[in-house]
Amino acid sequence: MLLGFGATGCTRVSTAPDEVVLHYAGGLFEPKKFERCILPSSGATYLGPGDTYYSYPFGQRTFDFTGSKDAESKPITVVSKDNVQMTVAGSATLTLNTDCETLRRFHERIGLKYAAYQDNGKTSDGWTRMLNFYLKQPLDRALDAASQEFEWRALFNDPNTKQRWEARVGELARQFIKETAGDEYFCQPNYAGTGDCGDIVLTIQKPEPPESLVEALAAEQAAKQQNLAQQQINAKVKTELESIKDLVKVLGPQGAVLWKAIQDGKVQVIPVPQGGNINITPSTGGNRTNR
């Protein structure tokens, strides 16, 4: 916002593309009353002596609850259906409802109380405190209520469960946010001040259980894989034993042993033409025998 002061004591206001201003007329000797909304990218507008103005953001804003350095909040804690405490990180993308009459109601009912209007064109601490009450608290309720409908393993591991959980969170969040604020003050990210307000957009990560449960789940999965591998080994051994039994039935014990030795390459078989001679040399030494 650009400000200027004329010789008459009037204030000249020019709005940036991402702000909207509420103008209240009145001075020290007359009651203040709402005058008008000054839209984004407005040229020079003059305010009378003693008039006041309040700047609010126009366009997309986010509420970050990932716990990162610049986040507005830490991750939210929820409890699953089977009483496991989990944490959920994410963000909410929204636009303040800048329909003039709606914005005026927001300012007079909520904005003034928290000083949520912008400070020299920048988001104020009051804006963050306001979102923590009117957005985070109902979102916290929605996340917790939805999480109590599902068990922790499914929330952590099953994509289909997470999808159903996200849909349920969105449904409850819309209800609780409107109940808390009392009106549609927070709209979908592309809302431009007219038409349907729509819903805020939530981007939430899957709930994270305590590290001890994650480690226990990993150990359980490893044990299952080991057990499956052992079952496969046992099945192979069983098949081989059944095969040996069938050989014994057909060839007898000695024949089965000889067959197995031939299959394993321990006995070399040399084809001999009918009427031919071969020499056999014992492996432990001895005389050569002609046959």
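The values are calculated or read from the model by the stated rules, or taken from the named source; none is laboratory data. Because the structure is a prediction, the values reported are computed rather than measured. Methodologically, a virtual Cβ is constructed for each residue, glycine included, from the backbone with ideal geometry; neighbour enumeration extends over all protein chains shown. SASA here: full protein model, heavy atoms, side chains in, ligands and nucleic acids out. Shrake-Rupley method; radii C 1.70, N 1.55, O 1.52, S 1.80 Å.
Can you list residues whose amide H is under 5 Å from S124's amide H, if they're 5+ apart or on another chain and H is modeled 1.01 Å from N?
Close amide H contacts, sequence-distant or interchain: D119.
Provide, as a two-decimal number, the C-alpha radius of gyration of region 92-223 over 2.2 N^0.38 Å, N being how many residues it has.
Values: Rg = 18.4 Å, N = 132, 2.2 N^0.38 = 14.1 Å.
It is 1.31.
Applying a 10 Å radius around every beta-carbon, put 190-198, 76-84 in order of their mean neighbour count, most first.
With the highest mean Cβ count within 10 Å placed first, the list reads 76-84, 190-198.
Per residue, how much accessible area does region 98-184 show when a 1.4 Å probe rolls over the protein heavy atoms, in square angstrom? Please list the in-between numbers first.
Values: 4490 Å² over 87 residues.
The answer is 52 Å² per residue.
Which lysines have a Cα less than 25 Å from the Cα of K260, not counting those fewer than 8 places away in the same chain?
Straight-distance partners of K260: K236, K238, K245, K249.
Beyond a 31 Å Cα-Cα separation, which of these cross-linked pairs lie in this structure: K122/K178; K81/K113; K32/K122? Working shown, then result.
Details: K122/K178 26 Å; K81/K113 37 Å; K32/K122 25 Å.
Long pairs (Cα-Cα over 31 Å): K81/K113.
Roughly speaking, to the nearest percent, how much of region 46-159's 1.4 Å accessible area is carbon and sulfur? Before the final figure, lay out each step's value.
On the way: 2360 of 5410 Å².
Carbon-and-sulfur percentage of accessible area, whole number: 44.
Beta carbons within 10 angstrom, averaged per residue: use that to sort the peptides 39-49, 100-110, highest first.
Details: 39-49: 13.7, 100-110: 17.0.
Packing order, densest peptide first, comes out as 100-110, 39-49.
For region 1-143, what size does the Cα cloud have along each of its three principal axes, sorted from largest down, in whole Å?
69, 27, 22
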